[in-house]
Amino acid sequence: MRQKNYNSMSSAGKSLALRAKRLFAKDYPDVAISINSREGWIIVDGKKAVNLSQASGRPLSMEDVIDKMKQAYLGHSVQENTMKLTKRQLKKIIKEEKKSLLTESAYVHDIFKDAAVALEMRDGDKLARLSGQMDGLLMPDRERNAYVLALDAMTEAAYELASYEEEDGY
């Protein structure tokens with residue numbers, strides 16, 4: 001008995017490939033479609049379109065298979081969304097993200113420091129601008145919304161204080 005290749009198609013994968021080939025051929029009769037069961041690929045117009053090997057690691061629905069065949073026929077790359085990273089690259093990305101998060105944290109501190117000065121000066125417009133800046137930061141929604149809500153409250157307080165001072169003639 002001959003040993004199966006690791007990348008070969010299972011019998012279920014072969015059956016799925018044959019059904020996909022028939023369905024795809026109905027919509028695109030002029031396209032050359034072949035099945036390479038030894039390596040586990042459906043080939044559309046000479047381009048590897050769908051990996052159905054046992055090593056691919058994930059089952060595909062019929063719609064997914066036909067969609068990938070259409071993408072290959074239209075010239076889209078099969079490995080379009082995959083990217084391999086080394087440990088060194090991953091560590092570098094994590095280090096950069098940590099640095100940006102710490103920088104953002106310092107930026108939040110600066111915003112609230114400026115907000116305290118603006119509230120003291122009764123500058124509601126500056127507080128509104130600071131609230132807009134806070135709303136644009138990349139942080140969890142709950143945390144960002146709490147900061148924005150606090151700045152909006154400070155803005156209202158600044159406008160109220162300014163109106164009281166105008167009424168009293170300060």
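The values are calculated or read from the model by the stated rules, or taken from the named source; none is laboratory data. All values reported here derive from a predicted model rather than from experimental measurement. Ideal geometry is used to build each Cβ from the backbone, glycine not excepted, and the neighbour counts take in all protein chains shown.
General remarks:
- Test: residue in the range 94-108 that is touching a residue at least 24 places away in the same chain (Cβ under 8 Å) and touching a Lys or Arg at 6+ places or on another chain (Cβ under 7 Å): no
- Output for the range 9-41, where each listed residue is among the aliphatic types (A, V, I, L, M), out of contact with any helix residue (DSSP H, G or I) (no Cβ under 7 Å at 6 or more places or on another chain) and part of a helix (DSSP H, G or I): A12, A17, L18, A25
- All positions within the range 123-140 that are buried (at least 19 other Cβ atoms within 10 Å of the Cβ) and under 23 Å from the mean Cα position of the chain (by Cα): M134
- From E63, E120, E143, residue being assigned by TED's automatic domain parsing to the domain that holds R22 and either in contact with an Asp or Glu (Cβ under 9 Å, 6 or more places away or on another chain) or loosely packed, with under 13 Cβ neighbours inside 10 Å (or both): E63
- Subset tally (residues that are hydrophobic (A, V, I, L, M, F, W, C) and surrounded by 11 or more Cβ atoms within 10 Å (Cβ to Cβ)) for the range 94-115: 5
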